[in-house]
Amino acid sequence: LFDDLPEGRRALESILVRARCIPPSAARQSIEAHALAGLVDNAVFGGDLARACELAQPLRERLPGIDGDVLIEAHQVLIEASMRAGDAEAASASLQGLRDARAPAPVVMSFEAQIHWFAGAVREARAVFETLLDRHPHYCQGLTIENDLAVMCHALGDLDTAEAMARRSLRSWAGVAHTEALSSLVLGSTLTSMGRYDEALGHLERARELGSQQGSALFVGEAHARRSRLHWCAGD
């Protein structure tokens, strides 16, 4: 997920094949669920939402037989896929699943805020992320709190805070291509809105490079779309 999506997909698919050699059991179900969760996330950030939704179904079928960290991860990736597919009911069900599985409070808050965002409730999303940052700043290297708060601030026109949060996120996640790409996209968009086109172009090109390195059609496509907006704003 964090540096090579095609290689990750191949490895996870190999695990699913090998898991079929294990007799039906709770252990096999947990291994399959863990691999499927990784494949759903891989497909989301690879830009293949149809595949993510297709894989989500067998993952959901395995939920009753799994627990612990695997169950928490499963609900997280199901929220990612459901939100992008516009299925608010499924996303809310998995959010409750996170609570029932006793996921850490910051994790629950982060996904609660993201559901607000995808539902169009930007102010509510920002409020949750700000509370999360205030209460759990030590989670900034485990959750994309600063990056996501930057997205909310940009959407609400608070460009100075958006820039500051995006730059903070780049520092928190330095060396992690996945999140560097995300934050470079946000920073590029924010600087475009501020009319700082040369700076913005550099960050969008960085996001494109990182997306290409990871094999993420989603990130590459986003970089091109935001660069197109930049040229439009600049009158080109």
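Couple of notes before you dig in:
- Pairs, first touching a residue at least 40 places away in the same chain (Cβ under 8 Å) in the range 7-32, second open to solvent by 70 Å² or more (accessible area, probe 1.4 Å), C-beta under 9 Å, six or more apart: SER30/ASP67
- The condition of being in contact (Cβ under 8 Å) with a residue 12 or more places away in the chain and either open to solvent by 20 Å² or more (accessible area, probe 1.4 Å) or not in a helix (DSSP H, G or I) (or both) holds for GLU112.
- In the set VAL44, VAL77, VAL40, VAL70, only one residue is aliphatic (A, V, I, L, M), open to solvent by 20 Å² or more (accessible area, probe 1.4 Å), within 29 Å of GLY211 (Cβ to Cβ) and touching a helix residue (DSSP H, G or I) at 6+ places or on another chain (Cβ under 8 Å); that residue is VAL70.
- Odd one out for SER94 among (1) within 17 Å of the chain's Cα centre (by Cα); (2) of a type in the set (Ser, Thr, Tyr); (3) surrounded by fewer than 19 Cβ atoms within 10 Å (Cβ to Cβ): (3)
- Residues that are open to solvent by less than 30 Å² (accessible area, probe 1.4 Å), farther than 23 Å from GLU222 by Cα and either touching a Leu at 6+ places or on another chain (Cβ under 7 Å) or not in a helix (DSSP H, G or I) (or both), drawn from the range 134-144: none
- Where ARG126 falls short, out of the listed (1) basic (Lys, Arg); (2) in contact with a Leu (Cβ under 7 Å, 6 or more places away or on another chain); (3) free of Cβ contacts under 8 Å to residues at least 12 places away in the same chain: (3)
- Test result for PHE111, in contact with a Phe, Trp or Tyr (Cβ under 8 Å, 6 or more places away or on another chain) and among the aromatic types (Phe, Trp, Tyr): no
- Close pairs from the range 147-174: first more than 16 Å from ALA125 (Cα to Cα), partner outside any loop (DSSP other than H, G, I, E, B) and of a type in the set (Asp, Glu), Cβ under 7 Å, at least 6 apart: ARG168/GLU146; SER169/GLU146; LEU170/GLU180; SER172/GLU146; TRP173/GLU180
- Pairs where the first residue, in the range 212-228, is surrounded by 19 or more Cβ atoms within 10 Å (Cβ to Cβ) and the second is of a type in the set (Val, Ile, Thr), C-beta under 8 Å, 6+ apart: LEU218/VAL44; ARG226/THR192
- From the list ALA33, ALA27, the one residue that fits, being open to solvent by less than 20 Å² (accessible area, probe 1.4 Å), out of contact with any Phe, Trp or Tyr (no Cβ under 9 Å at 6 or more places or on another chain) and not charged (D, E, K, R), is ALA33.
The values are calculated or read from the model by the stated rules, or taken from the named source; none is laboratory data. Note that the coordinates shown come from a computational prediction; the quantities given were computed from them, not determined experimentally. Here Cβ is always computed from backbone atoms with ideal geometry, including for glycine, and neighbour counts include all displayed protein chains. Ligands, DNA and RNA are stripped out before the accessible areas are found, and what is left, the full protein with its side chains, is counted by its heavy atoms. Shrake-Rupley method; radii C 1.70, N 1.55, O 1.52, S 1.80 Å.
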